[in-house]
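What follows is a short report on a single structure.
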DNA sequence: ACCTGAACACCGTTCAAGT
DNA sequence: ACCTGAACACCGTTCAAGT
């Protein structure tokens with residue numbers, strides 16, 4: 001009787017919640033969130049879909065779990081005396097993690113059960129700002145402004161219709177050519193005179209916008225109540 | 001022979017791309033994006049799933065289309081002399097539209113084909129800032145900072161684990177109680193001393209954070225190159 | 001205890017057939 | 001021209017059966 005080879009049992013560690021989530025992240029990275037099905041994650045792990053249910057309750061828990069894994073990748077500097085430098089490092093690490101896993105932002109609006117890494121992240125943000133002298137309510141404002149900027153910036157960045165400098169010229173030219181005559185004059189100018197002539201530089205907008213916010217927060221920090 | 005009643009043909013206008021998209025928005029609003037299937041949208045319209053394919057190419061076009069419909073709901077003030085006031089009105093209108101349709105943010109990271117309302121929106125942003133005296137490259141920075149803030153703020157707002165002031169107390173208390181002893185001390189303080197004592201006020205953080213950014217942009221606008 | 005085959009109620013999409 | 005039934009290759013999840 002010819003049985004299928006038992007590749008997994010011989011070459012891989014047994015299943016666990018962590019391995020299920022890692023497999024799901026790999027599927028999402030390689031084929032997009034829409035490809036994250038219990039069957040595909042199982043296949044990635046060399047196992048049957050039904051086996052996953054021994055380690056996670058359902059697909060929702062998988063989605064919560066992979067968002068938390070992305071948060072776990074964000075650096076939270078512990079030894080940075082300057083609060084603005086600490087926030088800059090956290091923000092650029094967050095941007096990198098979210099660009100590595102752009103599906104995470106798409107999941108965030110539907111996730112309502114923060115995992116341990118997410119909670120640790122929020123705790124660090126609040127703690128570091130408190131330590132810098134922000135009052136509780138000013139800390140709340142600072143967190144929402146900073147996180148808002150980071151998430152929103154990456155969301156725009158990952159919805160740009162091109163991924164590499166090489167793609168930019170082709171896509172931008174084709175897009176402008178497809179505009180109805182006289183439609184979107186300002187957008188056309190921006191694409192022609194700025195984006196196309198200066199090359200692909202969207203990423204370079206991240207730091208200046210962030211500094212603008214940090215400067216505003218520094219003023220807030222020192223303002224009399 | 002008992003045929004099923006032809007409700008649609010008698011009581012409803014015939015199908016069109018616009019009606020398909022409106023149906024999809026209704027399904028997404030009422031039952032979440034995950035419920036937006038060709039079959040459910042068709043059911044919402046009193047029609048069979050296969051009929052939709054005469055008006056849209058595939059489900060991807062439906063998703064592109066409903067994101068564009070959300071952009072179409074955002075007010076773009078045409079008669080506001082003060083650029084900051086114009087940006088404030090646009091931003092709060094955008095926040096409202098995105099809160100009405102929170103699934104739109106979740107779709108944005110995977111949409112790469114902007115529709116006419118999205119293009120009109122970007123064209124307005126660029127045009128209004130240019131008119132206020134921003135250079136092309138400063139306009140690019142202003143747009144990415146402002147849109148980033150708005151999208152990110154609403155993304156945080158819609159991933160809060162509560163929807164109403166009533167829910168806040170129960171959810172926040174339960175969450176803090178579930179924390180491991182000594183874990184997340186700063187987050188606990190924030191929830192206990194700020195969020196719970198001052199009531200549900202996250203929405204009130206939107207305008208101050210936005211003003212902080214607008215002030216920074218005003219400085220940028222006037223700075224020597 | 002952990003894994004899985006079969007089953008059920010769903011998906012998106014094609015295609016040939018109806019009107 | 002527009003609509004649809006049947007079909008195909010997928011989904012998430014349950015449950016009973018295997019080891």
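Bear in mind that the values in this text are calculations on the coordinates, not laboratory data. Predicted model, so just to flag it, every value in this text is computed and none were measured. All Cβ positions, glycine included, derive from the backbone under ideal geometry; neighbour counts span all protein chains shown.
Over chain A, what is the relative contact order in percent, taking alpha-carbon pairs closer than 8 angstrom and at least six residues apart? Don't skip to the answer; put the middle values down first.
Numbers: 160 pairs, mean separation 35.4, N = 225.
Value for chain A: 16 percent.
Hey, how many Å between the Cα centroid of region B:154-184 and the Cα centroid of region A:135-159?
Answer, in whole Å: 18.
How high is the relative contact order of region B:14-56? Use alpha-carbon pairs under 8 Å, at least six apart in sequence, and give a whole percent. Kindly include the intermediate steps, with their values, before the conclusion.
Numbers: 36 pairs, mean separation 17.3, N = 43.
Relative contact order of region B:14-56: 40 percent.
Could you put A:153, B:71 in order, starting from the residue whose Cβ has the fewest other Cβ atoms within 10 Å?
Going from sparsest to densest Cβ surroundings: B:71, A:153.
What does the helix-only formula give at 222 nm for chain B: each DSSP H stretch with n ≥ 4 adding -39500 (n - 2.57), the total divided by the residues, and the result rounded to the nearest 500 deg cm²/dmol? Don't skip to the answer; put the middle values down first.
Working: 12 runs with 144 residues, N = 225.
Helix contribution divided over all residues of chain B: -20000 deg cm²/dmol.
Using the number of other C-beta atoms within 10 angstrom as an exposure proxy, rank B:190, A:50 with the fewest first. Write down the numbers at each step before the final one.
On the way: B:190 25, A:50 10.
Ascending Cβ contact count within 10 Å gives the list A:50, B:190.
Compute the FRET efficiency between residue B:60 and residue B:17 as 1/(1 + (r/R0)^6), taking r as their Cβ-Cβ distance and R0 = 22 Å, and round to the nearest 0.05.
Numbers: r = 14 Å, r/R0 = 0.63.
Calculated transfer efficiency: 0.95.
How far, in degrees from 0 to 90, does helix A:206-222 lean away from the longest principal axis of the Cα atoms of chain A, to the nearest 10?
The two axes meet at around 70 degrees.
Quick one: if the Förster radius is 22 Å, what FRET efficiency do residue B:72 and residue A:193 give, using the C-beta to C-beta distance and rounding to 0.05?
Calculated transfer efficiency: 0.20.
Helix B:136-158 against the longest principal axis of chain B: what's the angle in degrees, Cα atoms only, rounded to the nearest 10?
The two axes meet at around 70 degrees.
Between residue B:72 and the same site in the other copies, what are the distances in nm, shortest first, taking label points 7 Å from Cα along the C-beta direction?
4.4
Where does each of B:211, A:79, A:64 land when they are ranked from fewest to most other beta-carbon atoms within 10 angstrom?
Numbers: B:211 13, A:79 5, A:64 21.
By the 10 Å Cβ count, ascending: A:79, B:211, A:64.
Output the 0 to 90 degree angle, nearest 10, between the alpha-carbon long axis of helix A:59-72 and the longest principal axis computed from the alpha carbons of chain A.
50
Run the quick spin-label model on residue B:203 and residue B:174: label points 7 Å from Cα toward the beta carbon, then report their separation in nm to one decimal.
2.2
Which of A:135, A:144, A:14 ends up with the largest GNM mean-square fluctuation for chain A, with Cα atoms connected below 10 Å?
Ranking A:135, A:144, A:14 by mean-square fluctuation puts A:14 first.
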